Ligand SMILES: C[S@@+](CC[C@H](N)C(=O)[O-])C[C@H]1O[C@@H](n2cnc3c(N)ncnc32)[C@H](O)[C@@H]1O
Ligand SMILES: O=C(O)C(=O)C[C@]1(C(=O)O)C=C[C@@H](O)C=C1
């Protein structure tokens, strides 16, 4: 994987453009996400471990909003069910191109991995095939809020009995004091990972129009409205969490 450090927001910009998953972001993405999302490596590896418990033979495993395929690679490291295939989907052409290269490298290093396909597509428009695992690792927060319920309903319909949705998101908190505290602690996490005050502030302006986090309560209510029977948080570090939702 690319080792290029994230310095995208280190120089003062006259106007900070909205964040997009373009070639510049692709080049630094592994470094950016690790230094920005507390617990990211633990979440990614354990999505593989959890998925191995929910995978059912002869079904698809989806990685929706796959970026460079970190979750797809974890699924392939851990899931051994017969006849499963991984489908990694992202609507950023730059991400998809680099993801396919990384998966080829994974194929060259390991034998007997699940077959994988990378698809450039908008997940809100994609028709889903029967699946036992759907992973959305920090993707729903970038989807237009008005279409989030329909997307989750579509995922619920695609899930076979015994399967699961694994959903990781940055959280907003309904209690103002809790929100302020965890936001400050997240800023401290970024600072401890070498980001300057300028980088932190410019990144915040870049993402505030494109990334809209929900609260845990909103996630729970919407997942239940989409037809999920049980919602179980399995990880939280500061304001980043991951949930298991059962059909
Ligand atoms: C924060 S990244 C996901 C990180 C990745 N899952 C991981 O664990 O490394 C969000 C990804 O969602 C993708 N994305 C956003 N909206 C999308 C959509 N409507 N359809 C498909 N992909 C989308 C972006 O291109 C981006 O690569
Ligand atoms: O909340 C932030 O400050 C972030 O940088 C978070 C976040 C994310 O959660 O996806 C936003 C964009 C980048 O993809 C990496 C991390």
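The values are calculated or read from the model by the stated rules, or taken from the named source; none is laboratory data. What you are looking at is a predicted structure, and each value in this text was computed from that prediction instead of being measured. Positions of Cβ are backbone-derived with ideal geometry, glycine not excepted, and every protein chain shown enters the neighbour counts.
Tell me, which residue of segment 66-101 that is over 21 Å from residue 165 (Cβ atoms) and away from ligand 2 (no atom under 16 Å from the Cβ) is farthest from the chain's Cα centre (by Cα)? The residue in question is 82. Test residue 201 against the criterion of being away from ligand 1 (no atom under 16 Å from the Cβ) and buried (at least 19 other Cβ atoms within 10 Å of the Cβ), and give yes or no. Spelling it out, it is not the case that residue 201 is away from ligand 1 (no atom under 16 Å from the Cβ) and buried (at least 19 other Cβ atoms within 10 Å of the Cβ). Taking segment 171-213 as the range and being more than 13 Å from residue 238 (Cβ to Cβ), away from ligand 2 (no atom under 13 Å from the Cβ) and either touching a strand residue (DSSP E or B) at 6+ places or on another chain (Cβ under 6 Å) or part of a helix (DSSP H, G or I) (or both) as the test, the residues that pass are 174, 176, 177, 197, 198.
In summary, residue 148 fulfils each of the numbered conditions (1) in contact (Cβ under 8 Å) with a residue 60 or more places away in the chain; (2) closer than 25 Å to residue 34 by Cβ; (3) in a helix (DSSP H, G or I) with the single exception of condition (2). Screening residue 104 against (1) closer than 21 Å to residue 164 by Cα; (2) out of contact with any helix residue (DSSP H, G or I) (no Cβ under 8 Å at 6 or more places or on another chain) leaves a single unmet condition, (1). Residue pairs whose Cβ atoms lie under 7 Å apart, sitting 6 or more positions apart in sequence or on different chains, and linking a residue in segment 119-134 that is more than 17 Å from residue 228 (Cβ to Cβ) and within 16 Å of ligand 2 (Cβ to nearest atom) to a partner that is in a strand (DSSP E or B) and modelled with pLDDT of 95 or more, are 123/64; 123/89. The residues of segment 48-66 that are in contact (Cβ under 8 Å) with a residue 60 or more places away in the chain and within 8 Å of ligand 1 (Cβ to nearest atom), listed by number, are 63, 64, 65.
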